[in-house]
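Asks: I have a structure here, written as structure tokens, and I will follow up with some questions on it.
Read the figures in this text as sums done on the coordinates, not as results from a lab. Because the structure is predicted, anything quoted here is derived from the model rather than measured. Don't worry about glycine lacking a Cβ; one is built from the backbone with ideal geometry, like all the others, and counts go over all protein chains shown.
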Amino acid sequence: MRLERRAQYRTVVDESNALHVTLLDPEGSPFPALLLDVSASGAAAHFFAPDCPTLPIGDRVDLVFTAERLKTPLTVAARVVHRSEDDGCRRYGFRFIEREQLEAKLYPVLRRLFNRRGAFRVAPEPEPRINVTLEGPFGPRVEGALVDLSASGTRVGVKPVAELLFAKVRKVAISLSLPDSRGPVRMTGNIRHRRLVGAAIHYGLDFDPEQSENFAHQQKAIINYVMQRE
């Protein structure tokens, strides 16, 4: 799924995230704001009167992010793409202009947010289906379909016959190819639960960071996909 065609999966910001933003208008005037959400492609913020800027759609601004985990403030160029009014206050939506800059510097913060909120799962598009291969430690191997995915685990649908091979299997090698990914994601995981859903069996799996090769790199590919989904 292409980034420009879909809204990205957004992390809702609250006090526990400790991620703050100040807008610098084209003249350089600062406007502190309440950061509502943030993704790899943009952010939304609420401005309270009387410190409420008037920005035309299409204006270029700078957003200055601060957080406990950021050693220095991060300034990201953005464009105004949305504005709504609410009793004298305004909410703005911004699209980042230099996405590579954001990913390089703010990505570690976003990754920690996802790690803390491991329950955030997204489902893939119905078509084309994303195939997943599960392989046990002594050879059993089955093909299934991705049901949902998060930074910490996945759910895979398999045919009931697979359970004949995997009834005693807990640790598996997981391989799946995500859209726009340069190669397959390969993780080691543990089957945490099994459930009969219609004519399929759903395996719920948690990724094992210690057993997965190059876990951080593999997880980054998953987070990028999650952030592309609504």
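Asks: With a Förster radius of 22 Å, plug the Cβ-Cβ distance of D37 and S181 into 1/(1 + (r/R0)^6) and report the FRET value to the nearest 0.05. Walk me through the numbers before you get to the answer.
Replies: Working: r = 24 Å, r/R0 = 1.11.
The formula returns an efficiency of 0.35 here.
Asks: Please give the Cα centre distance for the stretch 32-62 versus the stretch 151-200, rounded to the nearest Å.
Replies: 41 Å
Asks: Grab the Cα-Cα distance for K159 and D62, subtract it from 0.36 nm times how many residues apart they are, and report the gain in nm with one decimal. Can you show the working numbers first?
Replies: Working: separation 97, 0.36 × 97 = 34.92 nm, distance 5.11 nm.
Extra length from K159 to D62 when fully extended: 29.8 nm.
Asks: Oh, and also: Work out, step by step, the length gained on full extension between K220 and N131: first 0.36 nm times the residue separation, then minus their alpha carbon distance; give nm to one decimal. Working shown, then result.
Replies: On the way: separation 89, 0.36 × 89 = 32.04 nm, distance 1.93 nm.
Once the chain is fully extended between K220 and N131, it gains 30.1 nm.
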